[in-house]
Every structure is written in structure tokens, then in C-alpha cells.
Amino acid sequence: MFLPILLLILSIGVVTPESPLQNMFDNLSFLFLYGNRSSRVSDTVSFRNNYDFIVIGAGSGGSVMANRLSENGNWTVLLLEAGNEENLVVNVPLTAGLTTATRFSWGYRSDPMENACLGLENGVCYWPKGRGLGGTSLINFLLYGRGHKRDYDEWEQAGNYGWGYKDVVKYFQKAEKIKGQKSNSEGYVNIEQSSYETPMLRCFIEAGEALGYQEINPNEKIQLGFYKALATMVNGERCSASRAYLRPVAHRSNLHISMKSWVTKILIDPDSKAAYGVEFIKGKQRYQIKATKEVILSAGAIASPQLLMLSGIGPREHLKSLSIPTLMDLKVGYNLQDHTTLSGLVFTVNKPVTIREQDMRRPENFLNYMINRKGPFTVPGGAEGIAFVKTNNSDLPLDYPDMELVLGTGAVNNDESGSLRHTFGMTKEFYSKTYGSVRGVHAFGIAPVLMRPRSRGRLYLKTKNPFNWPHMEGNFFDHPKDMSTMIEGIKLAVQIGESKSFAPFGAKLLSTPFFGCENERFRSDEYWRCCVRKIGASIQHQSGTCKMGPVSDSDSVVNPELQVHGIGNLRVVDASIMPFLPAAHTNGVVYMIGEKAADMVKKYWANSIENS
């Protein structure tokens, strides 16, 4: 049964939300992945009148909080998630791009920007955030990293006590279960490298060495160098936040997990300024459930600020314009940051050494994955190698990268299903005119990613309707330093792709210019600037919209304990609290935030009992 289903996934193209095939996956996937129905998470349909803690959102932060708080058998915990449980679609690492076209993605689209996404579908960026148990860990490209020591030391230096590297590293370790490392064997999040390598990986690392970089351990405190990608996988399958933190404890009687539950408001007493519950809709019925201790908001960098503003916490003038009574005037929705990239750099080769989508239909590849969970299907989103590098443009400390380079073991020119095109938001016209001449040709890609953007965006409400998306202004590349650094990063990616290390395979950058930039001199700075403005986009690391900072920081929304300023019994635990983006893929960072937050909550209530 598994083989025909997997064949279907890869042969039909993009899976559309609510399609019959999607429903079939929902009904049958447990047969292939989890052995029996009892291993799945039960959906709570009968609620208590109140719980000690209510957690909003079952993404990486919320899943950690629900697990760790329910460790205390005397506490009751309700976890509310708008989506459903994961299934077969999300499980195969290589086909991660398919997941963004399913009901597991909110399918967000940003507002138009001046310097990015102009040539993508409808002239806007596609921001696919996860919807379901596991959140965005269901649909991301699985890449794992802790970031650089300086990231967290800077958080601490900005007034966030307890968030320096020396304080947070133990929470990374607490979350991790790294394959082959005994020192990291007790955590919930399984992390491993793909069992498969193409010759491109060694070429990539050797090219880095020729430039003076070392092959590094991806969890060292100084992240500057090249390495084989680490991924949130267990035995060749995706290890989502749900699989890691919820499935093992779903049987706890004090933990209720409710799916298809759309939270519309946090209930806050206007006099005491304390959160006392939540309002949500499930099955066309409206519920109001009380929290006797805390409400934990873990809905992500888009939905968390949206829900705060709908509940009366946000910029006073903005809320007033929508006739929302302001309970606390805070800079909610500001400080939006993201890691941006130029997708679509294609390097053709003259030997069959890369992964093409058509090759994945070969029986030997299917059987190897089906029987052994090995082979090219275990490459996370097709990303084989990672490099943290410095450009000539860098004004950051000597040991800190300003760019990441991601080696793709295949390239977008062989995206027959359309999944990558959908993920990137490329139009059919752009794709056909840029890559049409090299369809079926073996190729690899290198994606440059801007690590420390200076540009800041903002998120704010369109209406008071909780079912409407908010305005999402990314403002990518609005700061001139971001554009100049990205251009230098692109040139470095091209230098590596055409280096002596790749020469035995005849690697060369595709000479067809990007559609829409034909009038610029190929490879010039003006050409690359045009490419960035046309299809420069996000790698879905939206962060910072509920900034953490001391009360003296007028831009902050939560304090270093993650408590919302001026509001009792309400914390935010997700990527929105990051004051600055770390030089890392953010999923692992959110696991750390969740682990640390859970300890802070436990300590807070232990002290409350002692002092009562």
C-alpha cells in the first residue's frame, strides 16, 4: 500500500487543500507511518470549565509547553490548535515542498513590497506557516541549528537577563536527541543527517576549504564554516513538534488536546488587567474556557500578534481606528524580521550526480525508502549542505556570518510536480522562460540567505474579524545594506558553484537570465539587484513581532520572563519574542524558547505557592 500512495504523491503534482486525495491521506496514513490508530492523538471534544493552563497553538513552542507543563500531575493543561493532525503528506523529508500546498499551511500572502517578490504570483510573497499539530514544523524543510553564540549574548545585552548563550545552551541540549551522540540522547526532538549523499556535498565542503573555511560541527557555539545538513528527522522520517512532544504524552489524563479549535480572543479582565481564559470556536460552537493560572500564547509570529491586538493589546491608535478598546498600549506587530533568499540559482552539470524528480520514480529509490527509510528521499527538502560565510561587504564581528549558503542536491529546473514553484511563488511564465531550456538536465542549486537583516516590517489588523488575515508588511531589502549584502552573497554562491571543486562535473551557472531581468548585463550588480527584486523571497523565518525586552525598552511587548508587559497571567512563547533574528533556522531556536519558558513557568508557580 505504501508504494502506490507515495507514487501518487510525486506523480500528481501539487496537492490542493481539501482534495479527495488529501482526505485519503488523512484516513490511511496511520497504516503506513504509525502502525495503529491508537498511537494517534485523541481530539478532545468535552471540556472542563477551567484549566490551570491554556496553550494557544500547537507549533514548536506550544507543543513543548503542553508537554512540559503537563509533567506536573497536579496541573491541568488545554492545548488548542486550529488545524488537524499530521499525516503521510508531511512525513517524507525530500518532498517537503509539497506540504505547503496542503491544508497544513495557512497559505498566507504578504502585502506587496517595493524590493522583493515583484515577479512572483500576484506580485507578493508567499508565507506558508504551519496549521496543525506541530505547526510550521509540519511543513518546513526540516533544517536544524542552534545559531551563533553571539546571537544570544546580544539578546542578553539588550536587557534580556537569562538569555545569554551560557544560559540557553542547556535548553537546546534538553530538547535534542542527536543520533550518534550519547550526550544528547534524552531530548524529545530527534535530529540526524540524511543517510544519502551526492558527490556535490563533498565538492561544496572542499570549495569552502579552498576559501579558508573549515568543516564544522553544526552545533558549535561559533557558526562559521561548512557542514552536512542536520535535520529534525527520526530514522529517515520527519520529526515534527507533534511527533516529538505530543504523541509520547497524549495519554496523560491532565492534558487535553483540541484540534480544529480556532481561538478568537484572549479573555482579559479590564480592571485587573489579567488574562483569565480564552474564547474559541470548534464545530460551529463558541466556547469560553477559563485558565486559573496562565494563558500561554504560542500561535506564531503572525497569529500571536494578531490575537493580542484582537484582544485589546497593541498600538493604541491602530486599535482605536478599528474600535477595539485598548487594554495595554504596546508595539505589537512591529519589529518583523525574516531571513530572505534568492531562490532559483541553477548550476548545470554534465554527469548524472544530482537528484532529479524523475529519478525519484525509480523503483529502487521507493523500495529503499519504504523498506529501509534510506536513500535520496531522506534528504531534507533537498538541502544537502549548509555554509555560514562572510561576504566582503560584512561589517559584523570577525567570527559572525552575514550569509548562509544552502546546497540543493537538485535544482528547480527539474521541478516537474510544481511543488517548489508553488513554495517559491514562481509564475508559470517565469519558470518556463527561465528554465525551459534545461528541463531534465542534471543540476544543483545554491541558495544565498541573508542572516542579519537591517530591514524591519510590521504586522497589523485589517479588520476586527479574527478569520481575516492581518496586513503583513515584510519590507524586505528596504535597508540598502541588506540589498548590497545579498548581492555579495549571490556572487559568493556563484563563485563556489563554479569553483575548481565542482569542475570535474562541468558545473556552470545557467546562462539564461531570469525572466524580467534580460535588459540588465548578465551577472552585473544591477542584474542581481533586479533578480532579488523580482523573486527574492522569504525562507519562512518570520520573527520578532512580540519583541522581548525589559520594561525600559519601549518597543518590547514581553519581558524576559515572556510575560506580556502590564498584563497578568499571559505569556508569549514562540518566534515572535525574538528581539533579533539568530543566524540559524528558527525551528530549533523555538524549541529552546519553549523549554526555557516551561522552566520559568514552573519556577514562577513554585515560588507563588511558597509565598502564599
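The values are calculated or read from the model by the stated rules, or taken from the named source; none is laboratory data. All of these numbers come straight from a predicted model, not from anything done at the bench. Positions of Cβ are generated from backbone atoms using ideal geometry, with glycine treated the same way; all protein chains shown enter the neighbour counts. Note: areas computed on protein heavy atoms with side chains; ligands, DNA, RNA excluded. Shrake-Rupley method; radii C 1.70, N 1.55, O 1.52, S 1.80 Å.
Key figures for this structure:
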| item | result |
| --- | --- |
| Accessible-area ranking of Leu310, Leu201, largest first, probe 1.4 Å | Leu310, Leu201 |
| Estimated FRET transfer efficiency (Thr463, Asp269; beta-carbon r; R0 22 Å; 0.05) | 0.30 |
| Cα long-axis angle, helix 300-310 against the chain (0 to 90 degrees, to the nearest 10) | 40 degrees |
| Principal axis box of region 533-592, alpha-carbon based, largest edge first, Å | 43, 25, 17 |
| Region 391-519 shape via C-alpha gyration tensor axes, a/c threshold 1.5 | oblate |
| Backbone N under 16 Å from the Asp43 label point (7 Å along Cα→Cβ), restricted to region 52-78 | 58 |
| Taking region 260-300 and dividing mean pair separation by its residue count, relative contact order in percent (alpha carbons under 8 Å, at least six apart) | 33 percent |
| Shape call, region 144-246: gyration tensor on alpha carbons, a/c limit 1.5 | oblate |
| Inverse mean reciprocal Cα-Cα distance (Kirkwood Rh) of the chain, Å | 24.4 Å |
| Between region 483-497 and region 409-430, the Cα center-to-center distance that results, in Å | 21 Å |
| Rounded tilt (10° steps) of 199-210 against the dominant C-alpha axis of the chain | 90 degrees |
| Estimated 222 nm signal from helices in the chain, with DSSP H stretches of n ≥ 4 weighted -39500 (n - 2.57), rounded to 500 | -7500 deg cm²/dmol |
| Inter-centroid distance (Cα atoms) of region 134-166 relative to region 559-612, Å | 12 Å |
| C-alpha long axis of helix 60-69 to longest principal axis of the chain, angle in ° | 40 degrees |
| Two-site label geometry, Glu114 and His251: point separation in nm, points 7 Å out along Cα→Cβ | 5.9 nm |
| Accessible area expressed per residue, the chain, with surrounding protein chains retained (probe 1.4 Å, Å²) | 36 Å² |
| Inter-label distance, nm, simple model (7 Å from Cα along the C-beta direction), Asn84/Lys284 | 1.8 nm |
| With DNA, RNA and ligands ignored, accessible area of Lys534 (1.4 Å probe; Å², nearest 10) | 70 Å² |
| Gain on full stretching of the segment that runs from Thr292 to Glu561 - 0.36 nm per residue minus C-alpha separation | 95.0 nm |
| Cα-based Lys pair tally, region 408-530, threshold under 29 Å, eight or more apart or on separate chains | 9 |
| Cα-projected label distance for Asp525 with Ser484, points at 7 Å along beta-carbon direction, nm | 0.7 nm |
| Residue-span extension gain [Leu398 to Ser511] - 0.36 nm each, minus C-alpha spacing | 37.3 nm |
| Those aspartates and glutamates that a straight Cα-Cα span of less than 12 Å connects to Lys260, excepting residues fewer than 8 apart in one chain | Asp43, Glu81, Glu85 |
| Shape call, region 235-352: gyration tensor on alpha carbons, a/c limit 1.5 | oblate |
| Eligible lysines near Lys603 by straight Cα distance, threshold 26 Å, same-chain separation 8 or greater | Lys149, Lys166, Lys170, Lys174, Lys177, Lys273, Lys290, Lys293, Lys547 |
| Cysteines having no other Cys beta carbon under 4.7 Å from their own, within the chain | Cys203, Cys239, Cys531, Cys546 |
